[in-house]
1. Of all residues in region 392-425, which are more than 16 Å from the ligand (Cβ to nearest atom) and β-branched (Val, Ile, Thr)?
2. Given the residues 339, 437, 391, 409, which is the only one that is of a type outside the set (D, E, K, R) and in contact with a Cys (Cβ under 9 Å, 6 or more places away or on another chain)?
3. Identify, from the list 59, 130, 145, 112, the residue that is among the small types (Gly, Ala, Ser) and within 12 Å of the ligand (Cβ to nearest atom).
4. Considering only residues that are assigned to a loop (DSSP other than H, G, I, E, B), among the charged types (D, E, K, R) and open to solvent by 10 Å² or more (accessible area, probe 1.4 Å), which ones fall in region 43-71?
5. Take the residues in region 1-23 that are assigned to a helix (DSSP H, G or I) and in contact with a Leu (Cβ under 8 Å, 6 or more places away or on another chain), then tell me which one is surrounded by the fewest Cβ atoms within 10 Å (Cβ to Cβ).
6. Mind listing whichever residues of region 366-383 are open to solvent by 10 Å² or more (accessible area, probe 1.4 Å) and touching a helix residue (DSSP H, G or I) at 6+ places or on another chain (Cβ under 7 Å)?
7. Evaluate region 271-293: report whether one residue or more is part of a loop (DSSP other than H, G, I, E, B) and of a type outside the set (Asp, Glu).
8. Which one of 148, 192 is within 30 Å of residue 117 (Cα to Cα), modelled with pLDDT of 95 or more and surrounded by fewer than 22 Cβ atoms within 10 Å (Cβ to Cβ)?
Amino acid sequence: HLDRIQAVDPRINAFLHVDTEGALDAARRVDADLDAGKAPVSPLAGVPLALKDVLTTKGIPTTCGSKMLEGWRPPYDATVTARLHAAGVIVLGKTNMDEFAMGSSTENSAYGVTRNPWDTDRIPGGSGGGSSASLAAFEAPLAIGTDTGGSIRQPGSVTGTVGVKPTYGGVSRHGLVAFSSSLDQAGPCARTVLDAALLHEVIAGHDPLDSTSIDAPVPPVVEAARQGASGDLRGVRVGVVREFSGDGYQPGVLRSFEAAVKQLTALGAEVVEVSCPHFDYALGAYYLIAPSECSSNLARFDAMRFGLRVGGDDSRLGAEEVMTLTRETGFGPEVKRRIMLGTYALSSGYYDAYYGQAQKVRTLISRDFASAFERVDVLVSPTTPTTAFRIGERADDPMAMYLADLCTIPSNLAGNAAMSVPSGLSDEDGLPVGLQIMAPAMADDRMYRVAAAYE
Ligand code: GLN
């Protein structure tokens, strides 16, 4: 995999940092254990992985795709990182991403765009474009992403790979640099459903270092993936979300989705149409809640504690001026836009009308899910309305960019589980399409079963 990275990554730009020595050392340790006759520490011992650069890695650069953290080497591992090491997984390096995970195309990275291996003039999705592109380019068989509004599932969809957003609280956020704390969730990316399930079980589970971590057994996702592989979905009730079609959806994507629904029926699933009327407001609510939380979370980049400091050596400048200069230099345009939106939405006099209203919509969306899941076991939709768009096509149009997450955002707002599984190629442009499968909180195993049967 290191050779492969060297050969293709100059073109793909999936990696921001490759830890050749660390990876080889870790691999040698796994080999030494095996040679000594010890049982592997996990089913993934010795398997290489690409880690999104938003998770801290002790002593290894962690930039979040931002100039703000250039050169920062965290003093500790994220819980996800520590669990990977404990399972003998070989961390190859850190992957490119939209700055602080804000974006849907990886074009907002301060370190250049990642290219989609299917067509290098197109985006690999975002914000975790580096992780998904590394899988599609065969640079790594496993990757970790984070999903606040779709950043695991949408890149999975447009690169023809599997991407899973576990139930909120299912995977620890300790050491995940915060964008929107009530939405952020780390999860597995892989080329097959079973691989994703094996990785899921390595990283999931309660962590006392994250106060929102769920203290309950990890859903049996590996068993579910194995069960699903038999291809029998008799007794499974699947709901098609009526609101996710129509204007803005490419006909090729909708045809692929129809074919997927037919296939689920052929596998024995009972398919019904379900309406979730408030999903139409999810995007609007998300783009108030996520920027609000981000404006608060990103206040920590104050030029004092870590990362970039501009003007710090100039004795004529006071702390506030150094802070202003640093934030002006260190943050890119999308991050600044979000901080301004969030600060506005939270300011006195506007709070109730914007942030408060968005929180009410969030509750209505959770209720839509709850009543849908009284009738069905899982919900399905296209993962994203279009296939991979061209690099530059939406770069100057934030509203068009935000539409990429139309179908993924409701699951973040409600905190339930959702994943994208490859659904063939669009008959319109020959590019990968993803099928989204959504399940209730802590019923992640249900979606793995359906995904494995469908795959
Ligand atoms: N594209 C969405 C955004 O820009 C989602 C990002 C994410 O999931 N990290 O906020």
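The values are calculated or read from the model by the stated rules, or taken from the named source; none is laboratory data. Note that the structure is predicted; figures quoted are calculated from it, not measured. Positions of Cβ are generated from backbone atoms using ideal geometry, with glycine treated the same way; all protein chains shown enter the neighbour counts. Surface areas here come from the heavy atoms of the whole protein model, side chains and all, with no ligands, DNA or RNA. Shrake-Rupley method; radii C 1.70, N 1.55, O 1.52, S 1.80 Å.
1. 421 - this is the single residue of region 392-425 that is more than 16 Å from the ligand (Cβ to nearest atom) and β-branched (Val, Ile, Thr).
2. After ruling out the rest, the residue left standing is 339.
3. On the way: 59 fails: within 12 Å of the ligand (Cβ to nearest atom); 130 fails: within 12 Å of the ligand (Cβ to nearest atom); 112 fails: within 12 Å of the ligand (Cβ to nearest atom).
When all the criteria are applied, what remains is 145.
4. Looking only at region 43-71, we keep the residues that are assigned to a loop (DSSP other than H, G, I, E, B), and these are 43-47, 53-54, 56, 58-59, 61-66, 70-71.
Filter once more, so that each one left must be among the charged types (D, E, K, R): 53, 58, 70.
Passing the criteria: 58, 70.
5. Residue satisfying both the conditions and the ranking: 20.
6. Pass one, region 366-383, residues open to solvent by 10 Å² or more (accessible area, probe 1.4 Å): 366-368, 370-371, 373-375, 377.
366, 368, 377 - these are the residues of region 366-383 that are open to solvent by 10 Å² or more (accessible area, probe 1.4 Å) and touching a helix residue (DSSP H, G or I) at 6+ places or on another chain (Cβ under 7 Å).
7. The answer is yes; a qualifying residue exists.
8. Details: 148 fails: surrounded by fewer than 22 Cβ atoms within 10 Å (Cβ to Cβ).
The conditions single out 192.
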